[in-house]
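> Could you have a look at this structure, given as structure tokens, before my questions?
The values are calculated or read from the model by the stated rules, or taken from the named source; none is laboratory data. Here the structure is a predicted model, which means the values were calculated and not measured. A quick note on method: Cβ atoms are made from the backbone with ideal geometry, for glycine too, and the neighbour counts reach across all protein chains shown. The area values use the complete protein model at the heavy-atom level, side chains included, leaving out ligands, DNA and RNA. Shrake-Rupley method; radii C 1.70, N 1.55, O 1.52, S 1.80 Å.
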Amino acid sequence: MNEIDDAIERADREAFTKEPPKTLKGQIGFLLKQLGSAKAVAQEIGVTADSVNRYRRGARKHARADVAAKIDEAVRQRWQPLVRKRRQRQAATTGGITVETRARFGYTAPIGTTDDGRFRRLTVHLPPEYARRLFDARDAGASDQQMRGIIAEGFKEVYFQDGGGRAMGLSDVKINDIDYLDLDY
């Protein structure tokens, strides 16, 4: 996974209207409903089907730390997919997406101005079209660099050019050296 995928996952988790199961037995029960069989769950989390059945029955109350992390991640990926999709659809059509980041921004500017990249901490609300493009790119398996390009293009339009009010000669904004990146929609 890359930084932008991670940020989208965090934003999706914040959208949960109901917390996922916390106990091992509850998590395994949920995964069994989602995947259909102990064998499928076992393949997903990297244990045997017998181990999955022991977790389900409660015969084994705790999983190894690495297995517990895989179980938790598998549950969170499948938890409330309709809530996630609804929030993403709303962001892509009406709400837009807010990007908060601290990163080095570089750009190409006209002669006589500085185009030296420097760290900036920005919180910018991007219009719905950028949210739609970002989600579409992610679903299509775009690279981190391609998704950074979409966000950089949005920053160029909304922040640097202020929607066409300034810095019209500015082109080719790039995001490098991301310290952190957080999304909200």
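> Considering only the other residues whose Cβ falls under 9 Å of the Cβ of ARG120, what net charge follows from Lys and Arg at +1 and Asp and Glu at -1? Write down the numbers at each step before the final one.
On the way: positive: ARG102, ARG104, ARG118, ARG121; negative: none.
Once positives and negatives cancel, what remains is +4.
> Of the listed values (1) 72, 30, 24; (2) 53, 51, 27; (3) 76, 49, 23, grab the one calculated as Cα extents along the principal axes in Å from the structure here.
Given (1) 72, 30, 24; (2) 53, 51, 27; (3) 76, 49, 23, the structure-derived one carries the label (1).
> Between GLU100 and ASP139, 0.36 nm times their residue separation minus their Cα-Cα distance comes to what?
Contour length minus the Cα-Cα distance gives 11.9 nm.
> Can you give me the angle between helix 128-139 and the longest principal axis of the chain, using Cα atoms only, in degrees from 0 to 90, rounded to the nearest 10?
Value to nearest ten degrees: 50.
> What nm distance separates the two modelled labels at TYR180 and THR23, each placed 7 Å from Cα along Cα→Cβ?
Distance between label points: 3.5 nm.
> Then there's this: Could you work out how far apart the two model spin labels at ARG121 and GLU3 are, taking each label as a point 7 Å from the Cα in the direction of the beta carbon, and quote it in nm?
That separation, rounded to one decimal, is 1.6 nm.
> While we're looking at this one, here's another question. For the chain, what is the mean residue ellipticity at 222 nm derived from helices alone (per DSSP H run of n ≥ 4: -39500 (n - 2.57); sum divided by total residues; nearest 500 deg cm²/dmol)?
That calculation yields -14500 deg cm²/dmol at 222 nm.
> Next question, about the same structure. What pairs in LYS85/LYS174; LYS18/LYS61; LYS39/LYS85; LYS39/LYS70; LYS22/LYS61; LYS25/LYS85 have C-alpha atoms more than 21 Å from each other?
Long pairs (Cα-Cα over 21 Å): LYS85/LYS174; LYS18/LYS61; LYS39/LYS85; LYS25/LYS85.
> So, one more: Return one number: the angle in degrees, 0 to 90 and rounded to the nearest 10, between the long axis of the Cα atoms of helix 144-155 and the longest principal axis of the Cα atoms of the chain.
Helix 144-155 sits roughly 50 degrees off the main axis of the chain.
> I'd like the carbon and sulfur percentage of the solvent accessible area for the chain, probe radius 1.4 Å, heavy atoms only, ligands and nucleic acids excluded.
Numbers: 4880 of 10210 Å².
Reported share for carbon and sulfur atoms: 48 percent.
> Next up: Please give the per residue accessible area of the chain, computed with a probe of 1.4 Å over protein heavy atoms only, in Å².
55 Å²
> May I ask you to derive the relative contact order of the chain, considering only C-alpha pairs under 8 Å and at least 6 residues apart, and to give it as an integer percent?
It rounds to 26 percent for the chain.
> Counting only the heavy atoms of the protein chains, how much of ARG64 is accessible to a 1.4 Å probe, in Å² to the nearest 10?
About 150 Å², ignoring ligands and nucleic acids.
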